[in-house]
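The values are calculated or read from the model by the stated rules, or taken from the named source; none is laboratory data. This structure is a prediction, so every number in the text was calculated from the model and none was measured. Positions of Cβ are backbone-derived with ideal geometry, glycine not excepted, and every protein chain shown enters the neighbour counts.
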Amino acid sequence: MSDYVVVEEGLARLKVPNPSLYRDERGRFEPAWAPVFFNPRMRLSRDVGSVLVKAYALYSGRSRLRVLDALAATGARGIRYAVENREYVGSVVLNDLSPLAARIAEENVRLNGLEGVAQVRNMDASRLMLEEGGFDIVEIDPFGTPAPFVDPALRAVSHNGMLCVTATDMPPLLGHYPYTSLRKYFSWSLRTEFSRETGARILLYFTAREAAKLGKRVYPLYTQSSDHYIRVCVKVENREAEAGGLKGSVGYVEYCPRGLHRRMAVGVVPRLRERCPVCGVKLLYAGPLWVGSLWDRDFAVLVARIYREELGRRRLSRRGEKVTRLIASEVDAPPLYYTTDSLASKYGLAREPSAAKLVERLSESGFPASLTHFDSKGFRSSLPPEKLASVARAMG
Ligand SMILES: C[S@@+](CC[C@H](N)C(=O)[O-])C[C@H]1O[C@@H](n2cnc3c(N)ncnc32)[C@H](O)[C@@H]1O
């Protein structure tokens, strides 16, 4: 059996480790065991990422983009970005610390006819980003936490460029290890039904803080979380702003574990309540975290449109179409989504409604609501949970 196979993903052909050689006892491919990392389950993230490159080009009016895939492994991400966006990408640097990964990335560059467009480097990502700058798009996709790479990445991205940061250290971000989150991201995480959203808000807060300290500020363009990762893409402005642009965008979450009441308190030192005004129980907190929007509205709508229009041409996954459509539908909806299972269990509903039906019923009744891409049972509404439970109960 050969050590490597060639797979097709999107419009790229990629030489990757043979998955049959790295299976656990249940037969599941374990990408971390292979000598070079390639996870087919991250395809959705690369599909959306590739579309984001075009969206960014159109949104910023830039062409001949300089892209850096700073932790590239086989080069899958950066190669797809270049192959699928030939009219927008001028050059791409694929870097990895592992000499073997860099060799495979070189082969993948040739396999896709990208000589002259893609350059492979074999060095520490932070060093590369400190030595070279002026990239329009910087992609940080490491193992686990991206925290150590965010500072150099912010330095390497050009004024008004886009920085995309992926985190796969879900236990700290989702509130399983709040002390680890505090250590890595300077923020207390919390286990709730909307933890994926607070995780994304913690990652954005951290990125914004790292930017502020460098005299830069960030604007969230796109946030997505599926499977085992959270990915945020921000526009980076190289200019100082009052309080580094953090004013009005940082705050805390208050959460009532009994009745599911939740509130975002805006401010660095906001007045936090001790007890839930409805249930009387002690509230739980997350933060400091990003309380501003997770998306730029126009950008998110543009991403959904490009994805839909180019689904076939780019050979993208159907799943990505659904995710990008859901994101475009939730950009203006209230923060901190509910889930139908937590509502059903906390309020003793005889039957758990489907999120889609509940959103439909709420909208028909004049209460704006939307689904969320974060959770298939999730929905967004500004109604209090007891009111949501009574609407759900009336649905039978
Ligand atoms: C999660 S993988 C990247 C996956 C890739 N972006 C993809 O879509 O297939 C992380 C990669 O980072 C590389 N790496 C780890 N530490 C690094 C460092 N300090 N500088 C550069 N690369 C590093 C690893 O060798 C590994 O290939």
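Here are some notes:
- Residue in the stretch 201-211 that is charged (D, E, K, R) and within 18 Å of residue 70 (Cβ to Cβ) present: yes
- Of the residues making up the stretch 64-78, one or more are surrounded by fewer than 16 Cβ atoms within 10 Å (Cβ to Cβ), more than 12 Å from the ligand (Cβ to nearest atom) and closer than 27 Å to residue 159 by Cβ.
- In the condition set (1) on the phi > 0 side of the Ramachandran plot; (2) under 21 Å from the mean Cα position of the chain (by Cα), residue 79 is compliant with all but (1).
- For the stretch 321-363, a residue qualifies if it is assigned to a loop (DSSP other than H, G, I, E, B) and under 30 Å from residue 51 (Cβ atoms), and the qualifying residues are 331, 332, 333, 334, 335, 336, 337, 354.
- Candidate set: the stretch 150-172, residues that are part of a helix (DSSP H, G or I) and touching a Ser or Thr at 6+ places or on another chain (Cβ under 6 Å); chosen: the one surrounded by the most Cβ atoms within 10 Å (Cβ to Cβ): 172
Each row is one residue, and each column tells you yes or no for (1) within 15 Å of the ligand (Cβ to nearest atom); (2) within 23 Å of residue 374 (Cβ to Cβ); (3) surrounded by 13 or more Cβ atoms within 10 Å (Cβ to Cβ).
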| position | (1), (2), (3) |
| --- | --- |
| 7 | yes, no, yes |
| 14 | yes, no, yes |
| 17 | yes, no, yes |
| 29 | yes, no, yes |
| 36 | yes, no, yes |
| 39 | yes, yes, yes |
| 42 | yes, yes, yes |
| 48 | yes, yes, yes |
| 57 | no, no, yes |
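- Applying the criterion of being in a strand (DSSP E or B) and either hydroxyl-bearing (Ser, Thr, Tyr) or over 29 Å from residue 147 (Cα atoms) (or both) to the residues of the stretch 83-136, the residue that is farthest from the ligand (Cβ to nearest atom) is 115.
- Positions within the stretch 184-207 being of a type in the set (S, T, N, Q) and not in a helix (DSSP H, G or I), in sequence order: 187, 189, 192
- Looking only at the stretch 278-297, residues that are in a loop (DSSP other than H, G, I, E, B) and without any contact (Cβ under 8 Å) to a residue 12 or more places away in the chain come to 1 in all.
Yes or no, residue by residue, for (1) more than 14 Å from the ligand (Cβ to nearest atom); (2) without any contact (Cβ under 8 Å) to a residue 40 or more places away in the chain; (3) of a type outside the set (Asp, Glu):
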{"residue": "141", "(1), (2), (3)": "no, no, no"}
{"residue": "147", "(1), (2), (3)": "no, no, yes"}
{"residue": "154", "(1), (2), (3)": "yes, no, yes"}
{"residue": "162", "(1), (2), (3)": "yes, no, yes"}
{"residue": "167", "(1), (2), (3)": "no, no, yes"}
{"residue": "186", "(1), (2), (3)": "yes, no, yes"}
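- Of all residues in the stretch 63-82, those satisfying the criterion of being over 20 Å from residue 15 (Cβ atoms) and either in a loop (DSSP other than H, G, I, E, B) or among the aliphatic types (A, V, I, L, M) (or both) are 63, 64, 65, 67, 68, 70.
- With respect to the conditions (1) at pLDDT 95 or above; (2) within 21 Å of the chain's Cα centre (by Cα), residue 11 lacks only one, and its number is (2).
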